[in-house]
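Working notes, beginning with the structure itself.
The values are calculated or read from the model by the stated rules, or taken from the named source; none is laboratory data. Owing to the predicted nature of the structure, the values given are computational and were not obtained by experimental measurement. Note that each Cβ is placed from the backbone with ideal geometry, even for glycine, and that neighbours are counted across all protein chains shown.
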């Protein structure tokens, strides 16, 4: 198993936290230019990061390229409602076949709700000028 992240700091953190897991490594990489041969992976998983990529089309092309025939791409991310039509079209033209689409918004919102108090308690770690803005964001954060 390989975990890829654009952030060197994230890679270092994951290497330290998960060093004891056999057959798992973390590498610096760019999701739009994956450093792997064609047909390398049985499964590609991408969680809440593709909204940051400059080109969703390029990312999906890379996923398609590195997946073995019959492989699976598991993806979750957030988008504005107005972006969903474009996103679905990007998936359709990528060569990837959608097998199942599940709306997990309700569960994500529950997670936000459960973690809200913990996030509010961390506010004291931030400069005073940011605390008001962050508090408002934490108190109102929801996907739905």
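Listed values, structure above:
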read-out: Leading residue by the ranking (farthest from residue 68 (Cα to Cα)) among those in the stretch 125-135 that are touching a helix residue (DSSP H, G or I) at 6+ places or on another chain (Cβ under 8 Å) and without any contact (Cβ under 8 Å) to a residue 12 or more places away in the chain; value: 131
read-out: Residue that is surrounded by the most Cβ atoms within 10 Å (Cβ to Cβ) [pool: residues in the stretch 30-48 that are modelled with pLDDT of 95 or more, in a loop (DSSP other than H, G, I, E, B) and under 14 Å from the mean Cα position of the chain (by Cα)]; value: 31
read-out: Number of the exception - residue 19 against (1) under 16 Å from the mean Cα position of the chain (by Cα); (2) surrounded by fewer than 14 Cβ atoms within 10 Å (Cβ to Cβ); value: (1)
read-out: Candidates 59, 78, filtered to the one that is at negative phi and modelled with pLDDT of 95 or more; value: 59
read-out: Residue within the stretch 105-119 that is exposed (fewer than 13 other Cβ atoms within 10 Å of the Cβ), without any contact (Cβ under 8 Å) to a residue 60 or more places away in the chain and under 22 Å from residue 53 (Cα atoms) present; value: yes
read-out: Which numbered condition residue 74 misses (of (1) in the same structural domain as residue 39 (by TED's automatic domain parsing); (2) surrounded by 12 or more Cβ atoms within 10 Å (Cβ to Cβ); (3) under 16 Å from residue 47 (Cβ atoms)); value: (2)
read-out: Residue 13, sole failed condition from (1) over 16 Å from the mean Cα position of the chain (by Cα); (2) under 22 Å from residue 91 (Cα atoms); value: (2)
read-out: Verdict on residue 15 being free of Cβ contacts under 8 Å to residues at least 60 places away in the same chain and out of contact with any helix residue (DSSP H, G or I) (no Cβ under 9 Å at 6 or more places or on another chain); value: yes
read-out: Checklist (1) under 30 Å from residue 32 (Cβ atoms); (2) outside the structural domain of residue 39 (by TED's automatic domain parsing); (3) touching a helix residue (DSSP H, G or I) at 6+ places or on another chain (Cβ under 7 Å) applied to residue 98, failing item; value: (2)
